[in-house]
Amino acid sequence: MNRRFLLQSLALAVATAFLGAVHAQDDFPRKPIRWIVGYPAGASSDFVARTVATSLSAQLGQQVIVENKPGSSGSIAADSAARAPADGYTIVTVDNGILIYNPALYEKIPYEPVKDFAPIGLMVRMPILLLANNEAPLRSMKDFADAARKNPGKVSYGSPGIGTPHNMAMEMFKNHNKLFAVPIQYRGGAPMLTDIMGGHIQYMVLDVASSMSSLKANKFRPLGVFSRARLASLPDVPTTFELGLGDVEAIAWQGIAVPSATPESVRRRLSTELAKAIASPEVRAKFMEFGLEATPSSAAEMKALWDSDQKYWSQLIKDRKIKAE
C-alpha cells in the first residue's frame, strides 16, 4: 500500500465518520425513546417525567415511553440506564440522591455517576418544607430550632429516608444551627404523610410537590421552607433566611442523563429539545400547579450544579458521619 493511497483512505474514513455523526443527529430519533424513572408511578418524579415526555414526543416525532424501576434509592434505575446502549434511545431521570448522596452514603453502589453518565439538562427544583401536624405545639421553624437546641434529643421529625434530599436538608439545618433533633426514617413520603395526619408524628420534612394537595386541604401546616426566597406556590410560608436561621437552602433537583458514551451530536439534540420542553408555557403551568419550579438548562449548567453540590454534600455527609443502613 503506497503513501498516497493510505492518505486517501484515511481522509475517506474521517469524512465518513463526520458525515455519520451529522447524519445521526439529523435522523435522531428514528424509533421510540425509553425513559427510566427510579421511583414508582404516581410519585412526583413520575409526574415530572410523564409531563415532559408528552412534550418531547410531540417535538421529536417519536414516542418517549416512561418506564418505572423503583427501589434502592434510585440505584436500580441508574444501574439499568448505565448498562443500556449509548445511542440516545435510553434516558434516565437523575437527581441529588442518585448522583451525589448514594455514592457518599453507601459503601458500594452498582454504578459510577461521573464515569457512567453524561448530563443532558435540568428539569425541576423541588423546594423542601418543614411541616407540622395541626395539633403540634411548635408553631414555626424558629420554635422548632429553639426547642431542639434547648432539649437535645427530645424533638423528633419524620424523614422519607436517609438518602433523600429531604433528610439531607435537615442535616444541613441541624449542622448550621447547632441543634440535635432525632430523625424517624420512613420508606418514602406516603407512609409518613399518613402518620403525620394521624397524629403519630408531629413534624416532618418533605418537598412541596409531595405535600401540596394535603396542604391545600389543611391536613397539616408548613413551618418554613429551606430557601432564600418565598415560594410562588406558598407565598405565606417564611424562609430559613428571613427567620434568622442562617444560609440554609436545600432543594431536590432533577435532570436527565444518558450513558456517557452517547454521541455528542445526539446529546446536543436531546439537550436542546429538553430545554425547549421545560420552557414551554404548558409544562411550566403544570409544574407550578404541582408545586415545582421549572429549571430549563444546558448540559454544562447541569454539570456545574452537580459538581458544586457534590463537593458540599459529600463533605457534610462525611463530617456528620451519616451512613445508609
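The values are calculated or read from the model by the stated rules, or taken from the named source; none is laboratory data. What you see is a predicted model, and the numbers here were worked out from it, not measured in a lab. Don't worry about glycine lacking a Cβ; one is built from the backbone with ideal geometry, like all the others, and counts go over all protein chains shown. Side chains included, ligands, DNA and RNA excluded: accessible areas come from the protein's heavy atoms. Shrake-Rupley method; radii C 1.70, N 1.55, O 1.52, S 1.80 Å.
The stretch between E264 and K108, if pulled fully straight at 0.36 nm per residue, gains 53.2 nm over its current Cα-Cα span. Shape of the range 48-142 from its Cα gyration tensor (a ≥ b ≥ c, root eigenvalues): rounded if a/c is under 1.5, otherwise prolate when a/b > b/c, or oblate? Oblate, since a/c reaches 1.5 and b/c is not below a/b. For the range 73-229, the alpha-carbon radius of gyration amounts to 1.16 times the rule-of-thumb value 2.2 N^0.38 Å expected for a compact globular protein. Between their Cα atoms, which of K150/K318; K216/K323; K115/K323; K115/K178; K69/K108; K69/K303 are more than 28 Å away from each other? Pairs exceeding the cut-off: K216/K323; K115/K178. For V124, the residues 5 or more places off, or on other chains, whose built amide H falls under 5 Å of its own are Q254, T295.
Considering only A104, A136, A250, the mean-square fluctuation computed in a Gaussian network model of the chain, springs between alpha carbons under 10 angstrom, is largest for A136.
For the range 229-320, the residue among T262, I278, S297 whose Cα projects farthest onto the positive side of the dipole built from Cβ charges is T262. Taking the average, over residues, of other Cβ atoms within 10 Å as the packing measure, peptides 30-40, 90-100 rank 90-100, 30-40 from highest down. The candidate values were (1) 57, 48, 39; (2) 59, 41, 35; (3) 86, 40, 32; the one computed from these coordinates for Cα extents along the principal axes in Å carries the label (3). Exposure check, 1.4 Å probe, all protein chains in place: D247 carries approximately 90 Å² of accessible surface. Rounded to the nearest 5, the antiparallel percentage of DSSP beta bridges internal to the chain is 65%. Peptides 55-68, 203-216, ordered by how many other C-beta atoms sit within 10 Å of their residues on average, highest first, read 203-216, 55-68.
Close amide H pairs (under 5 Å, H built 1.01 Å from N) link D207 with L129, residues at least 5 positions away or on another chain.
In order along the range 250-261, the phi-based Karplus estimate (6.51 cos²θ - 1.76 cosθ + 1.60, θ = phi - 60°) of 3J(HN,Hα) comes to 9, 9, 8, 10, 9, x, 10, 9, 9, x, 4, 7 Hz; Gly and Pro are listed as x. Evaluated with a Cβ-only charge set (Lys, Arg +1; Asp, Glu -1), the range 114-259 carries a dipole of roughly 160 debye about its Cα centre, given to the nearest 20.
Please report the spacing between the Cα centers of the range 257-297 and the range 40-76 in Å, no decimals. Computed from Cα coordinates, the inter-centre distance equals 12 Å. The phi-based Karplus calculation (6.51 cos²θ - 1.76 cosθ + 1.60; θ = phi - 60°) puts the 3J(HN,Hα) values of the range 36-50 at 8, 10, x, 9, x, 4, x, 6, 4, 5, 5, 4, 4, 4, 5 Hz, whole numbers, x for Gly and Pro. Across the range 157-261, Cα pairs under 8 Å and at least six residues apart give a relative contact order of 28 percent.
For the residues H166, H200, a 1.4 Å probe over the protein chains yields an accessible-area ranking, largest first, of H200, H166.
Based on the Stokes-Einstein relation at 4 °C and a viscosity of 1.567 mPa s, and on the Kirkwood radius from alpha carbon pairs, the range 183-325 is assigned a translational diffusion coefficient of 72 µm²/s. For the range 111-119, the Karplus equation 6.51 cos²θ - 1.76 cosθ + 1.60, evaluated at θ = phi - 60°, returns couplings of 8, 10, x, 5, 6, 8, 10, 10, x Hz by residue, with Gly and Pro reported as x. Of all aspartates and glutamates in the structure, those lying under 17 Å Cα to Cα from K31, and not within fewer than 8 positions of it along the same chain, are E67, D87, E273. Close amide H partners of T239, meaning residues 5 or more places away or on another chain with modelled amide H under 5 Å apart, are V225. Quick check: from the Cα gyration tensor, does the range 84-132 come out rounded (a/c under 1.5), prolate or oblate? Oblate. At full extension, H200 and E67 could sit 44.5 nm farther apart than now, given 0.36 nm per residue minus the alpha carbon distance.
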